[in-house]
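What follows is one structure encoded as structure tokens, with my remarks underneath.
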């Protein structure tokens, strides 16, 4: 099973206070801080993986909405 597109992979800056601000991915699997333009680090990936597992186990998305904005 493929759950990642490594074409979106990037190296994190060495400074732990520097965050990545680029938005990419499927909104229903993205961490809230990314959707709020707050930047993110490696915890974003952990959240996304948890969201995938939630979807696989429950058959539902963690977030429901009619549009990307919701």
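For a quick check: sort 62, 30 by the number of other beta carbons within 10 angstrom, fewest at the front. Mind dumping the intermediate values first?
Working: 62 14, 30 19.
So the ranking, lowest neighbour count to highest, is 62, 30.
Using just the C-alpha positions of the chain as equal point scatterers, what log10 of I(q)/I(0) does the Debye formula give at each q in 0.17 1/Å? Here the Debye-derived log intensity ratios amount to -0.67. Highest GNM mean-square fluctuation among 33, 14, 22, for the chain modelled with Cα contacts below 10 Å: 14.
Across the chain, C-alpha contacts under 8 Å between residues 6 or more apart give a mean separation that, scaled by the residue count, equals a relative contact order of 24 percent.
Pull out a ≥ b ≥ c, the square roots of the eigenvalues of the alpha-carbon gyration tensor of the stretch 28-68, then state rounded if a/c is under 1.5, prolate if not and a/b is larger than b/c, and oblate in the remaining case. Here the stretch 28-68 falls in the oblate category. FRET efficiency for the pair residue 67 and residue 21, taken as 1/(1 + (r/R0)^6) with r the Cβ-Cβ distance and R0 = 22 Å, rounds to 0.50. Computed from Cα atoms, the angle from the helix 43-58 axis to the main principal axis of the chain rounds to 10 degrees.
Read-outs: derived from the displayed coordinates by stated rules, not from any lab. Computed from a prediction, not measured in an experiment: that's the story for all the values here. Cβ coordinates were reconstructed from backbone atoms using ideal geometry, including for glycine residues, and neighbour counts include every protein chain displayed.
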